[in-house]
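Chemist: Before I ask anything, let me first share the structure, which is written out below as structure tokens.
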Amino acid sequence: MSYAKEELLAVTIARLIGDARHVAVGAASPIPAMAVFLLRERNKGVPRVSLLQKRSGNPFTEGSRELFDLAGQGRIDVFFLGGAQIDGEANINLVEAEGRRFPGSFGSAFMYFAAGKTILFREEHSARVLVKKVDYVSAPGWSAPEVQRRGGPAALLTGKALFQWRKEKRRFLLQSVHPGSSAEDVRANTGFDYDAPASVPMTAAPTSEELALIRGPVARVITENYPEFARRVWGAALAVLRPA
Amino acid sequence: MSLPSNRTRRLGGPEALAGEIPDGATIGLPPDYSLVAMAVVRSLVRRGAKDLKLIGVPVLGLCADILIGAGCVREVETSAVTLGEAGLAPRFTEAAEKKSIKVVDATCPMIHTGLQATEKGVPFMPLRGVLGSDLVKHHPDWKTIDNPYAKGDPILLAKAIVPDIALFHARWADEAGNVWVGRRGELATIAHASKACYVSYEELKPGDMLEDELLAPGCIGSVYVTAVAPAPRGAWPLGVPGAYGIDDAHVMHYARLAKTAEGFQQYLEEFVFKTVAA
């Protein structure tokens, strides 16, 4: 069964989320949102999801501050962060590089510490994005032992590959490559050094059960909250997916 | 420092509200998903406001991009400026890259925490995390101390933030000067922490919403509100939950036009300087 790249990424994220109780999804993260709603469809409403930008039925009654307060209390198990640059020590940069200005750090400098684990996610896999050292640290990948920190990076997912973060070595380990890429392709397009096994497995494709859920109930939620993204991924099929 | 106890004034419309916001003011503003007073923002552009400092609570979007593009802004302090699905905020991006505005980068909960310090009337408030971020190096008002209750535990302090002005839109105002913003709690935080608070509204409710048990929890009491003015569809092209949604197609149209200075001028001519029937 053929599938979109976004669908592969979403099922991979769903596997990374595992059995978390509460997942928060921040600004402009439709693929992580797809992953969480896929899990919820499959597991009878588990995990709880807090979608910061949910347009109706938003989970926060005290405004956007509440997401951070919840995280500070330890009530959020999984969060997602991206980066204009991400480096080999899992530092992320959302501010500026080489004279180019990006939107800004959002809540990253706090959430990276406070959420139980963070999945780093960036579709573009290039030496421009995955750099040796970020030009600006919006949020650090690790902290000195005296700095209190509940969580940190768990994995880095890109459009080409999945890396696991190894905290004790402060390095990434290449875990799998997506169909269409290869270990050599990943090495050539990554600006930082990382560990890799002798033989790198392929990222598991979405099952037909997963695809059916994604294109049914999951697509309906995504369309409501990320209309542009939904149009891009599901295109003409969208008319069918829209509730009457 | 003391903040005022207000007797809310009722003004005629968004132009009158914009007229009370002086050049050079520091204005606390909500994100695009949270009741932005867009009609007042357009009025500020029309009156040629200058040297404004915008504080994003905690991020900024379309309203900031328009004010920056129109030359109304000297400085922004924010955790991000974004048009959401429509991508980068083009006028902000260009101004920041050309350094024609000053940008103070923050992270969302530090902005909330600084405002919450002012809500409590204390000079600062601590927050976990953030240490090791370059934000700490560059931000003029953040300091790291040792937790006085535990040895060897560094923790970051947010200095109290006191905007001159809180500016946002409400679903309702009432005859008693209260405004209803529902679950948009960051608006209450901005209102509580600011020296003056200006609110445009969709509809006027007769009486006093604080007498209604169901409406009262979504209200900001008149004690915080300097003045209100009617502006039906005043958040357009952004939304008012329960009344109308974000006009996504318009925001995309803006994002495309504002990529160039000429396109942005064309946008202003069409949607700001001409009176728009939204």
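Chemist: Restricting to segment B:89-100, give me the number of residues that are surrounded by fewer than 19 Cβ atoms within 10 Å (Cβ to Cβ) and among the hydrophobic types (A, V, I, L, M, F, W, C).
Modeler: Within segment B:89-100, the first condition is being surrounded by fewer than 19 Cβ atoms within 10 Å (Cβ to Cβ), and the residues that meet it are B:97-100.
Subsequent filtering for residues that are among the hydrophobic types (A, V, I, L, M, F, W, C) retains none.
Residues in segment B:89-100 being surrounded by fewer than 19 Cβ atoms within 10 Å (Cβ to Cβ) and among the hydrophobic types (A, V, I, L, M, F, W, C): 0 in total.
Chemist: Follow-up question, since we're still on this one. Identify the residue in segment A:95-111 that is more than 7 Å from chain B (Cβ to nearest Cβ) and in contact with a strand residue (DSSP E or B) (Cβ under 7 Å, 6 or more places away or on another chain) and, among all such residues, is surrounded by the fewest Cβ atoms within 10 Å (Cβ to Cβ).
Modeler: A:97
Quick grid of which residues meet (1) under 23 Å from residue A:102 (Cβ atoms); (2) away from chain B (no Cβ under 14 Å); (3) among the aromatic types (Phe, Trp, Tyr); (4) assigned to a strand (DSSP E or B):
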residue	(1), (2), (3), (4)
A:120	yes, yes, no, yes
A:125	yes, yes, no, no
A:136	yes, no, yes, no
A:141	yes, no, no, no
A:147	no, no, no, no
A:151	no, no, no, no
A:154	no, yes, no, yes
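Results for (1) assigned by TED's automatic domain parsing to the domain that holds residue B:171; (2) of a type outside the set (D, E, K, R), shown as yes or no for each residue.
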position	(1), (2)
B:19	no, yes
B:28	yes, yes
B:31	yes, yes
B:38	yes, yes
B:58	yes, yes
B:72	yes, yes
B:82	yes, yes
B:85	yes, no
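Chemist: Can you tell me which of (1) in a helix (DSSP H, G or I); (2) closer than 30 Å to residue A:53 by Cα is the one residue A:205 doesn't meet?
Modeler: Looking at each condition in turn, residue A:205 falls short on (1).
Chemist: Sticking with this structure for a sec: In the list A:37, A:68, which residue meets the criterion of being in contact (Cβ under 8 Å) with a residue 60 or more places away in the chain, touching a helix residue (DSSP H, G or I) at 6+ places or on another chain (Cβ under 9 Å) and among the hydrophobic types (A, V, I, L, M, F, W, C)? If you could, list the steps in order and put the result at the bottom.
Modeler: Values: A:68 fails: in contact (Cβ under 8 Å) with a residue 60 or more places away in the chain.
Checking each option against the conditions leaves just A:37.
Chemist: Consider segment A:185-244. How many of its residues are surrounded by 13 or more Cβ atoms within 10 Å (Cβ to Cβ), among the polar types (S, T, N, Q) and modelled with pLDDT of 95 or more?
Modeler: Residues meeting the conditions: 3.
Chemist: Related question: Name the single residue, out of those in segment B:161-189 being part of a loop (DSSP other than H, G, I, E, B) and out of contact with any strand residue (DSSP E or B) (no Cβ under 9 Å at 6 or more places or on another chain), that is nearest to residue B:199 (Cα to Cα).
Modeler: It comes out as B:176.
Chemist: For segment A:47-74, give me each residue that is more than 21 Å from residue A:118 (Cα to Cα) and surrounded by fewer than 17 Cβ atoms within 10 Å (Cβ to Cβ).
Modeler: Result: A:55, A:56, A:57, A:61, A:62.
Chemist: Right, next: Six or more apart or on different chains, Cβ atoms under 8 Å: show the pairs whose first residue is in segment B:220-246 and away from chain A (no Cβ under 12 Å) and whose second is among the polar types (S, T, N, Q) and assigned to a strand (DSSP E or B).
Modeler: Sorted first by the residue in segment B:220-246, then by its partner, the pairs are B:228/B:200; B:229/B:200; B:230/B:200; B:231/B:200; B:234/B:200.
Chemist: Considering only residues that are at pLDDT 95 or above and either surrounded by fewer than 18 Cβ atoms within 10 Å (Cβ to Cβ) or in contact with a helix residue (DSSP H, G or I) (Cβ under 7 Å, 6 or more places away or on another chain) (or both), which ones fall in segment B:184-204? Walk me through it before giving the result.
Modeler: To start, the set of residues in segment B:184-204 that are at pLDDT 95 or above comprises B:187-204.
Within segment B:184-204, B:189, B:190, B:191, B:192, B:193, B:195, B:197, B:198, B:200, B:203, B:204 qualify.
Chemist: If you don't mind, there's one more thing I want to ask. Where in segment B:80-160 are the strands (runs of 3 or more DSSP E), entirely inside, with at least 1 residues that are at the interface with chain A (Cβ under 9 Å from one of its Cβ atoms), touching a residue at least 12 places away in the same chain (Cβ under 8 Å) and in contact with a Gly (Cβ under 7 Å, 6 or more places away or on another chain)?
Modeler: Numbers: elements: B:102-105, B:124-127, B:142-146, B:154-159.
Ranges flagged: B:102-105.
Chemist: Right, next: Only one of (1) among the hydrophobic types (A, V, I, L, M, F, W, C); (2) outside any strand (DSSP E or B); (3) away from chain B (no Cβ under 11 Å) is not met by residue A:49, so which one is it?
Modeler: Only one criterion is unmet by residue A:49, namely (2).
Chemist: Among the candidates A:86, A:92, single out the residue that is among the β-branched types (Val, Ile, Thr), buried (at least 22 other Cβ atoms within 10 Å of the Cβ), modelled with pLDDT of 90 or more and touching a Ser or Thr at 6+ places or on another chain (Cβ under 7 Å).
Modeler: A:92 is the lone residue from the list that is among the β-branched types (Val, Ile, Thr), buried (at least 22 other Cβ atoms within 10 Å of the Cβ), modelled with pLDDT of 90 or more and touching a Ser or Thr at 6+ places or on another chain (Cβ under 7 Å).
Chemist: Let me ask something else. Looking at (1) touching a helix residue (DSSP H, G or I) at 6+ places or on another chain (Cβ under 7 Å); (2) buried (at least 20 other Cβ atoms within 10 Å of the Cβ); (3) not small (Gly, Ala, Ser), find the lone condition where residue A:134 falls short.
Modeler: Among (1) touching a helix residue (DSSP H, G or I) at 6+ places or on another chain (Cβ under 7 Å); (2) buried (at least 20 other Cβ atoms within 10 Å of the Cβ); (3) not small (Gly, Ala, Ser), the lone unmet condition for residue A:134 is (1).
Chemist: Looking at segment B:206-219 only, could you name the residues that are over 26 Å from residue A:54 (Cα atoms) and either buried (at least 18 other Cβ atoms within 10 Å of the Cβ) or within 14 Å of chain A (Cβ to nearest Cβ) (or both)?
Modeler: B:209
Chemist: So in segment B:247-265, with the set limited to residues that are of a type in the set (Asp, Glu) and within 14 Å of chain A (Cβ to nearest Cβ), which one is surrounded by the most Cβ atoms within 10 Å (Cβ to Cβ)? Even if it seems obvious, please write down each step before you answer.
Modeler: In the first step, residues of segment B:247-265 are kept if they are of a type in the set (Asp, Glu); the result is B:247-248, B:262.
Now drop any that are not within 14 Å of chain A (Cβ to nearest Cβ), which leaves B:247-248.
Details: B:247: 17, B:248: 15.
The extreme case among them is B:247.
Chemist: Of everything in segment A:99-119, what is within 20 Å of residue B:155 (Cβ to Cβ) and touching a helix residue (DSSP H, G or I) at 6+ places or on another chain (Cβ under 8 Å)? Give them in sequence order.
Modeler: Just the residues of segment A:99-119 that are within 20 Å of residue B:155 (Cβ to Cβ), to begin with: A:105, A:107-115.
Result: A:105, A:107, A:109, A:110, A:111, A:114, A:115.
Chemist: On to the next question. Scan segment B:70-78 and give yes if some residue there is touching a strand residue (DSSP E or B) at 6+ places or on another chain (Cβ under 9 Å), at the interface with another protein chain (Cβ under 7 Å from one of its Cβ atoms) and either surrounded by fewer than 21 Cβ atoms within 10 Å (Cβ to Cβ) or under 23 Å from residue A:53 (Cβ atoms) (or both), otherwise no.
Modeler: Of segment B:70-78, the ones touching a strand residue (DSSP E or B) at 6+ places or on another chain (Cβ under 9 Å) are B:72-78.
Retained after the next criterion (residues that are at the interface with another protein chain (Cβ under 7 Å from one of its Cβ atoms)): B:78.
If we keep only those that are either surrounded by fewer than 21 Cβ atoms within 10 Å (Cβ to Cβ) or under 23 Å from residue A:53 (Cβ atoms) (or both) too, we end up with B:78.
There is at least one residue in segment B:70-78 that is touching a strand residue (DSSP E or B) at 6+ places or on another chain (Cβ under 9 Å), at the interface with another protein chain (Cβ under 7 Å from one of its Cβ atoms) and either surrounded by fewer than 21 Cβ atoms within 10 Å (Cβ to Cβ) or under 23 Å from residue A:53 (Cβ atoms) (or both).
Chemist: How many residues does segment A:159-172 contain that are surrounded by 15 or more Cβ atoms within 10 Å (Cβ to Cβ) and without any contact (Cβ under 8 Å) to a residue 24 or more places away in the chain?
Modeler: Step one: list which residues in segment A:159-172 are surrounded by 15 or more Cβ atoms within 10 Å (Cβ to Cβ), which gives A:159-165, A:171-172.
After this cut, where a residue has to be without any contact (Cβ under 8 Å) to a residue 24 or more places away in the chain as well, the list is A:164.
Number satisfying all stated conditions: 1.
The values are calculated or read from the model by the stated rules, or taken from the named source; none is laboratory data. Everything numeric in this text was worked out from a predicted model, so none of it was measured. Cβ sites come from the backbone with ideal geometry, for glycine too, and all protein chains shown count toward neighbours.
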